[in-house]
Amino acid sequence: LQTVLGAGMATLFIVALLFVFPVYLFIAQYIGVVTFTVLSFLPYIYWPMAFTVQGITGDIVAGLDVVLVFRTMLRAPVKYFVVVALGFGLTVALSIAVGVISGMLIATVGPSRSLVFGLTFVFFGTVTYLQGVIGYAMGRLVATEDKLANALVRR
């Protein structure tokens, strides 16, 4: 229970830090639109390797080790970028598709709680599946790139 709960809490903290912190900085007017836009892409680049590092090392806070995460990314940068681009592209495509389909259904049928619930369920179910695909792609990347695996094992 402690392993699952601890890892879940650490993962939640990493996600919140990556996705919410740029929003906070922007709303508090510490950063401008350009910096906010750049920081908004950072989670999509960082989190796949952060969670991979967390999972492989067994250390629930390893995802916060920025040096280890970036060092591991740089062991196979092109292949890692392909995984990141795949995840980002699928997420954007899914979001646009759900937005368009939702708009068309609401315009046709009218707003209803069951429609919104159904669309939300399908969206989050699909996002969960996509995260599994990205996790599988990261696992294959680590399994086929000795440089990545060695960087994580010899931590």
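The values are calculated or read from the model by the stated rules, or taken from the named source; none is laboratory data. Predicted model, so just to flag it, every value in this text is computed and none were measured. Backbone-built Cβ (ideal geometry, glycine too); neighbour counts: all protein chains shown. Ligands, DNA and RNA are excluded from the accessible area calculation, which covers all protein heavy atoms including side chains. Shrake-Rupley method; radii C 1.70, N 1.55, O 1.52, S 1.80 Å.
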Flagged pairs (Cβ under 6 angstrom, 6 or more apart or on separate chains; first in the stretch 65-82, without any contact (Cβ under 8 Å) to a residue 24 or more places away in the chain; second among the small types (Gly, Ala, Ser)) are VAL69/ALA50
Just a yes or no: is a residue in the stretch 23-45 among the small types (Gly, Ala, Ser) and either closer than 19 Å to GLU145 by Cα or in contact with a strand residue (DSSP E or B) (Cβ under 9 Å, 6 or more places away or on another chain) (or both)? no
Within the stretch 81-99, is there a residue that is open to solvent by less than 40 Å² (accessible area, probe 1.4 Å), of a type in the set (Phe, Trp, Tyr), at pLDDT 90 or above and in a helix (DSSP H, G or I)? no
Which condition from (1) over 26 Å from ALA151 (Cβ atoms); (2) exposed (fewer than 12 other Cβ atoms within 10 Å of the Cβ) is the one that GLY58 breaks? (1)
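What do you reckon, is LYS147 assigned to a helix (DSSP H, G or I) and touching a Lys or Arg at 6+ places or on another chain (Cβ under 6 Å)?
Numbers: assigned to a helix (DSSP H, G or I): yes; touching a Lys or Arg at 6+ places or on another chain (Cβ under 6 Å): yes.
Against the criterion (assigned to a helix (DSSP H, G or I) and touching a Lys or Arg at 6+ places or on another chain (Cβ under 6 Å)), LYS147 qualifies.
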Checking LEU18 against (1) over 16 Å from GLY135 (Cβ atoms); (2) surrounded by fewer than 16 Cβ atoms within 10 Å (Cβ to Cβ), which single condition isn't satisfied? (2)
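Out of SER102, SER112, I need the residue that is in contact (Cβ under 8 Å) with a residue 12 or more places away in the chain and more than 22 Å from VAL78 (Cβ to Cβ). Which one?
Working: SER112 fails: in contact (Cβ under 8 Å) with a residue 12 or more places away in the chain.
Only one candidate passes the filter, namely SER102.
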Against the conditions (1) buried (at least 16 other Cβ atoms within 10 Å of the Cβ); (2) in contact with a Leu (Cβ under 7 Å, 6 or more places away or on another chain), where does LEU115 fall short? Just the number, please. (1)
Regarding the stretch 33-50, can at least one residue be identified that is in contact (Cβ under 8 Å) with a residue 40 or more places away in the chain, closer than 19 Å to GLY132 by Cβ, open to solvent by 60 Å² or more (accessible area, probe 1.4 Å) and over 14 Å from the mean Cα position of the chain (by Cα)? no
